[in-house]
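Supplied in structure tokens, the structure appears directly below.
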Amino acid sequence: MKQHSKRAAKLVLVVVIAGAVYGAAQTRKEFRYTVSPKSTVYVANQYGPISAKSAPGNQVVVTVVLRSDKVEVEQSQRGNRVEIRSHLLTGADVDSGQADYEITLPSDANVTLQSSTGPLHVEKLNGDVTLEGATAEVDVRDLSGGHVHIKTLNGPVTLTNVRDGHVEITSVSGDVVLNGVEGPLVQVNSTSGKIHYDGNFGFGGQYSLTSHTGDIEALAPPYASIDVTARSVRGQVENDFPLEPKHSSFVAKAGSAFAGTVGKAASSVKLLSFSGKIHLKKR
Amino acid sequence: MNCAEFQDDLPQWLEGDRKVESEAHLRTCPACHELIADFDFIRRAAGQLQESAEPSPRVWNSIAIALRQEGLIRDGERESATVTVFPRPRGRWLNWLAPIAALGLIAFSLWTYQNGSPESAGQSALPPKVQTASMSLEDRQLLDMISARMPSLRQTYESDLQDVNAYIQDAEQSVHSNPNDEEAQESLMQAYEQRAMLYEMALNRSLP
Amino acid sequence: MTTARKTLGNGLTEAEAIERAKQGDGEAFETLYGLHKRRVYSLCLRMTGNTAEAEDLTQEAFLQLFRKIATFRGESAFSTWLHRMAVNVVLMHLRKKGLPVVPLDDTLESDDDVPKKEPGAPDLALTGSVDRLQLQRAIGDLPPGYRTIFVLHDVEGYEHNEIAGLVGCSIGNSKSQLHKARVKLRELLKTSRAEKANKPRGA
């Protein structure tokens with residue numbers, strides 16, 4: 001019994017010391033930069049979340065929590081470009097090398113964020129947004145006017161209410177969900193991820209959703225104005241829209257390929273898969 | 001002067017060479033008056049269009065990478081990139097060359113990464129031949145490098161690499177069986193792009 | 001160019017940026033690119049009507065320019081030099097694609113293209129009823145040759161003698177083709193306005 005309580009005491013002591021060390025090692029830093037319109041903010045982080053949101057004013061405010069003393073921040077402002085990089089010291093791993101970033105910035109800023117584990121979150125901006133993460137979950141919402149480029153390996157990507165820019169998403173195996181995404185160019189390229197599109201296919205844009213083995217589901221309203229081509233080499237295709245035939249070399253094949261126009265055919269829509277299922281649904 | 005005559009004279013009119021008869025016709029003809037107003041509107045509105053669109057950030061990324069590669073940017077703060085410019089391959093031109101060239105140079109870049117400085121490697125050996133179908137050696141080298149640098153990501157890269165290679169194989173077969181099939185060509189390019197992205201990401205060369 | 005001046009918030013004037021770029025300063029190249037990217041890209045986009053091609057051509061134009069920057073002595077404005085180079089890159093690309101840079105033979109264009117109106121009830125004038133997006137689309141819908149002449153003259157502000165030199169046609173040809181391009185554009189805008197009026201909301 002005595003032995004037992006001694007052990008318990010030791011354990012408590014260890015926990016307390018560990019807590020103290022952890023608490024001391026975890027540091028919070030804040031950096032502020034004054035920028036002109038159309039600034040560029042670049043953040044490269046190996047491990048940990050980055051979130052960027054617009055705020056009124058002409059300041060970029062970066063708050064970072066470093067999880068241990070194995071990770072440092074290098075930061076600089078050159079002209080209208082703010083650059084932040086996490087720097088890992090020897091022995092840093094996914095946990096001890098983690099840095100959590102929160103950024104507020106003017107809405108017209110261009111943003112490039114990189115984190116292999118993420119998640120990456122961007123909200124309410126009008127500038128260009130470039131995001132890259134290996135396993136990072138990507139969540140982007142309420143953007144307009146800027147270009148959006150996203151690359152992930154297996155990180156899932158969700159875009160909500162993104163308008164009037166070029167949207168290009170390349171993900172190897174992450175699922176991609178687009179809700180209310182419209183613009184002159186919307187392109188998703190995936191190897192095994194599923195692609196879900198729910199929107200109007202507006203802006204007279206070029207929409208191209210491609211996945212090698214993933215399913216592709218696209219929901220559009222009955223009044224959509226599209227010129228659509230869909231094909232799955234080994235998978236099934238399904239279409240709920242009455243299509244007007246069109247002149248093209250594309251060979252339609254019941255069950256595996258269809259092509260035609262809906263309404264005035266203002267936007268072009270291409271849905272391509274090798275073995276995934278494709279479904280163009282009426283909302 | 002009637003409308004037809006006025007409109008025949010219109011190009012000169014718009015250039016500022018204005019006949020008295022034309023002016024007289026214009027005062028009495030609402031249709032021609034509207035025509036002039038429309039042309040005026042088109043000219044003014046077109047003049048204001050000059051710079052409305054913004055290129056995607058990739059354009060600068062590619063330029064910066066090319067400038068570094070060609071030695072025109074000499075910041076000295078970054079290792080010189082050996083990854084090639086990777087123009088958007090969606091247009092017809094360069095359709096095939098771009099992703100293949102990118103893959104070749106990425107492979108070269110990986111090779112040099114593992115064999116010391118790019119200069120010494122460049123002198124002692126040529127870059128490996130571009131052979132997309134048989135890159136398993138490069139793939140293994142890439143995975144070894146990932147194991148060393150980012151062990152937690154090795155599994156993700158490995159399974160993604162396998163999937164992408166299967167994608168390329170299927171897409172290549174489709175193109176071979178029907179070389180004029182536009183969609184098959186597009187899929188193949190996208191497959192190459194997937195592989196190029198995977199390599200670029202692993203080598204940390206996808207952003208400037 | 002208010003954005004341009006603001007981009008130079010890093011304290012560099014354009015001339016300084018050019019000098020630094022000659023020394024291999026990456027930031028200077030980026031500054032120059034930032035100053036002119038919109039204008040060059042817009043030009044490429046309007047002349048090709050395709051975003052992917054426009055981006056490739058923008059990249060090519062800047063690269064060609066940056067490669068020659070050491071030879072820039074400031075005899076002409078930097079922007080003039082760049083835009084001329086961009087126009088040449090686009091024209092070269094169109095020629096390679098086999099697209100006409102000047103409209104095809106005049107004999108193909110009968111007077112049907114220029115409908116003559118007799119007095120009567122005029123349509124509603126375009127002013128105030130056509131927006132920027134419709135105008136951009138209509139320009140994109142112009143046949144390639146007309147588009148080139150129209151964009152160079154009415155959008156980019158080149159004179160007929162310059163256009164003649166750039167595309168390799170006579171000054172008279174440039175003038176008459178511009179007129180036809182405007183007539184076509186007017187028709188396209190009227191059609192697009194009518195379509196918009198008939199379109200259900202949200203489509």
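The values are calculated or read from the model by the stated rules, or taken from the named source; none is laboratory data. Remember, predicted model here, so these are calculated numbers, not experimental data. All Cβ positions, even for glycine, are placed from backbone atoms using ideal geometry, and neighbour counts span all protein chains on display.
Could you run through region B:169-188 and say how many residues are at the interface with another protein chain (Cβ under 9 Å from one of its Cβ atoms) and either assigned to a helix (DSSP H, G or I) or under 16 Å from the mean Cα position of the chain (by Cα) (or both)?
Going through region B:169-188 one residue at a time, the tally reaches 8.
Scan A:S36, A:S68, A:S76 and give me the residue that is among the hydroxyl-bearing types (S, T, Y), in contact (Cβ under 8 Å) with a residue 12 or more places away in the chain and either surrounded by fewer than 19 Cβ atoms within 10 Å (Cβ to Cβ) or part of a strand (DSSP E or B) (or both).
After ruling out the rest, the residue left standing is A:S36.
Of all residues in region A:193-213, count the ones that are within 11 Å of chain B (Cβ to nearest Cβ) and surrounded by fewer than 24 Cβ atoms within 10 Å (Cβ to Cβ).
Residues that pass the stated criteria total 3.
I would also like to ask the following. Taking region A:80-90 as the search range and keeping residues that are over 11 Å from A:Y33 (Cβ atoms) and surrounded by fewer than 20 Cβ atoms within 10 Å (Cβ to Cβ), which one is modelled with the highest pLDDT?
Out of the qualifying residues, it is A:R85.
Here's another thing I want to ask about it. Just to be sure before I move on: is A:G255 part of a loop (DSSP other than H, G, I, E, B), touching a helix residue (DSSP H, G or I) at 6+ places or on another chain (Cβ under 8 Å) and at positive phi in the structure I sent?
no
To continue, here is another question. Give, as residue ranges, the strands (runs of 3 or more DSSP E) completely inside region A:162-233 that count at least 1 residues that are over 17 Å from A:G260 (Cα atoms) and touching a Ser or Thr at 6+ places or on another chain (Cβ under 9 Å).
Of the strands (runs of 3 or more DSSP E) lying wholly inside region A:162-233, those with at least 1 residues that are over 17 Å from A:G260 (Cα atoms) and touching a Ser or Thr at 6+ places or on another chain (Cβ under 9 Å) span A:166-171, A:176-182, A:185-190, A:195-198, A:206-211, A:216-220.
Still on this structure, please answer the following. Buried (at least 23 other Cβ atoms within 10 Å of the Cβ) and farther than 19 Å from B:A184 by Cβ: is that true of A:I216 in this structure?
no
Whether any residue in region C:72-82 is at pLDDT below 85, in contact with a Cys (Cβ under 6 Å, 6 or more places away or on another chain) and aliphatic (A, V, I, L, M) is what I want to check.
Within region C:72-82 (the criterion being at pLDDT below 85, in contact with a Cys (Cβ under 6 Å, 6 or more places away or on another chain) and aliphatic (A, V, I, L, M)), the answer is no, since none of the residues qualifies.
While we're here: Is it the case, given these coordinates, that C:G34 is in contact (Cβ under 8 Å) with a residue 24 or more places away in the chain and facing chain B (nearest Cβ under 10 Å)?
Here the answer is yes, as C:G34 does meet what is asked.
Turning to a different aspect of this structure: Scan region A:134-150 residue by residue and report those that are of a type in the set (D, E, K, R), at negative phi and not in a loop (DSSP other than H, G, I, E, B).
A:D139, A:R141
Something else now. Could you tell me which residue of region A:106-118 is farthest from A:Y42 (Cα to Cα), considering only residues that are assigned to a strand (DSSP E or B) and hydroxyl-bearing (S, T, Y)? Explain how you work it out, then say what you get.
First pass over region A:106-118, keeping only residues assigned to a strand (DSSP E or B): A:110-115.
Filter once more, keeping what is hydroxyl-bearing (S, T, Y): A:112, A:115.
On the way: A:T112: 5, A:S115: 11 Å.
Among those residues, the one meeting the criterion is A:S115.
Also: So which residues in region A:90-105 are within 12 Å of another protein chain (Cβ to nearest Cβ) and either assigned to a strand (DSSP E or B) or out of contact with any helix residue (DSSP H, G or I) (no Cβ under 9 Å at 6 or more places or on another chain) (or both)?
If the condition is that a residue be within 12 Å of another protein chain (Cβ to nearest Cβ) and either assigned to a strand (DSSP E or B) or out of contact with any helix residue (DSSP H, G or I) (no Cβ under 9 Å at 6 or more places or on another chain) (or both), then A:A92, A:D95, A:G97, A:Q98 are the ones that fit.
Being over 11 Å from the mean Cα position of the chain (by Cα) and more than 11 Å from every other protein chain (Cβ to nearest Cβ) narrows it down to one of A:H166, A:H87, A:H121, A:H147, so name that one.
A:H87
How many residues, within region B:1-43, are farther than 21 Å from C:K180 by Cβ, facing chain C (nearest Cβ under 7 Å) and either touching a residue at least 40 places away in the same chain (Cβ under 8 Å) or not hydrophobic (A, V, I, L, M, F, W, C) (or both)?
Qualifying residue count, region B:1-43: 1.
Quick test for you: out of A:N58, A:N45, pick the one residue that is at pLDDT below 95 and either within 24 Å of the chain's Cα centre (by Cα) or among the aromatic types (F, W, Y) (or both).
Unique residue meeting the criteria: A:N45.
Quick one: is A:E137 within 19 Å of the chain's Cα centre (by Cα), more than 30 Å from B:R154 (Cα to Cα) and more than 14 Å from chain C (Cβ to nearest Cβ)?
So A:E137 does not fit the description; no.
Across region C:130-157, what is the total count of residues that are out of contact with any Lys or Arg (no Cβ under 8 Å at 6 or more places or on another chain) and either among the polar types (S, T, N, Q) or on the phi > 0 side of the Ramachandran plot (or both)?
Result for region C:130-157: 2.
Let me spell it out: the conditions are (1) surrounded by 21 or more Cβ atoms within 10 Å (Cβ to Cβ); (2) under 25 Å from C:L185 (Cα atoms), and B:S62 meets all of them except one. Which number is the exception?
Exception for B:S62: condition (2).
So, in region C:163-189, exactly how many residues are within 23 Å of C:Q134 (Cβ to Cβ) and either in contact with a Cys (Cβ under 6 Å, 6 or more places away or on another chain) or at pLDDT below 85 (or both)?
Matching residues across region C:163-189 total 0.
Is there any pair with a first residue in region C:43-68 that is more than 7 Å from every other protein chain (Cβ to nearest Cβ) and touching a residue at least 40 places away in the same chain (Cβ under 8 Å) and a second that is surrounded by fewer than 24 Cβ atoms within 10 Å (Cβ to Cβ) and small (G, A, S) whose Cβ atoms are under 6 Å apart and which are 6 or more apart or on different chains, and what are they?
Sorted first by the residue in region C:43-68, then by its partner, the pairs are C:G49/C:G140.
Continuing with this model, one more query. Testing B:L137 on (1) more than 7 Å from every other protein chain (Cβ to nearest Cβ); (2) more than 23 Å from A:D93 (Cβ to Cβ); (3) crowded, with 17+ Cβ neighbours inside 10 Å, one condition comes back false. Which one is that?
With (1) more than 7 Å from every other protein chain (Cβ to nearest Cβ); (2) more than 23 Å from A:D93 (Cβ to Cβ); (3) crowded, with 17+ Cβ neighbours inside 10 Å applied to B:L137, the lone miss is (3).
Here's something else I'd like to know. Could you check, for region C:81-94, whether at least one of its residues is touching a residue at least 24 places away in the same chain (Cβ under 8 Å), in a helix (DSSP H, G or I) and facing chain B (nearest Cβ under 8 Å)?
Within region C:81-94, one or more residues are touching a residue at least 24 places away in the same chain (Cβ under 8 Å), in a helix (DSSP H, G or I) and facing chain B (nearest Cβ under 8 Å).
If you don't mind, there's one more thing I want to ask. Tell me, please, whether a residue that is more than 24 Å from B:D170 (Cβ to Cβ) and within 12 Å of another protein chain (Cβ to nearest Cβ) can be found in region A:246-263.
yes
Just give me the residues in region A:234-252 being in a strand (DSSP E or B) and buried (at least 19 other Cβ atoms within 10 Å of the Cβ), in sequence order.
Within region A:234-252, A:V237, A:N239 qualify.
For region A:124-133, which residues satisfy the criterion of being within 12 Å of chain B (Cβ to nearest Cβ) and assigned to a strand (DSSP E or B)?
A:V129, A:T130, A:L131, A:E132, A:G133
When you look at B:A196, is it assigned to a helix (DSSP H, G or I), surrounded by 19 or more Cβ atoms within 10 Å (Cβ to Cβ), touching a Phe, Trp or Tyr at 6+ places or on another chain (Cβ under 7 Å) and modelled with pLDDT of 85 or more, yes or no?
On the way: assigned to a helix (DSSP H, G or I): yes; surrounded by 19 or more Cβ atoms within 10 Å (Cβ to Cβ): yes; touching a Phe, Trp or Tyr at 6+ places or on another chain (Cβ under 7 Å): yes; modelled with pLDDT of 85 or more: no.
Spelling it out, it is not the case that B:A196 is assigned to a helix (DSSP H, G or I), surrounded by 19 or more Cβ atoms within 10 Å (Cβ to Cβ), touching a Phe, Trp or Tyr at 6+ places or on another chain (Cβ under 7 Å) and modelled with pLDDT of 85 or more.
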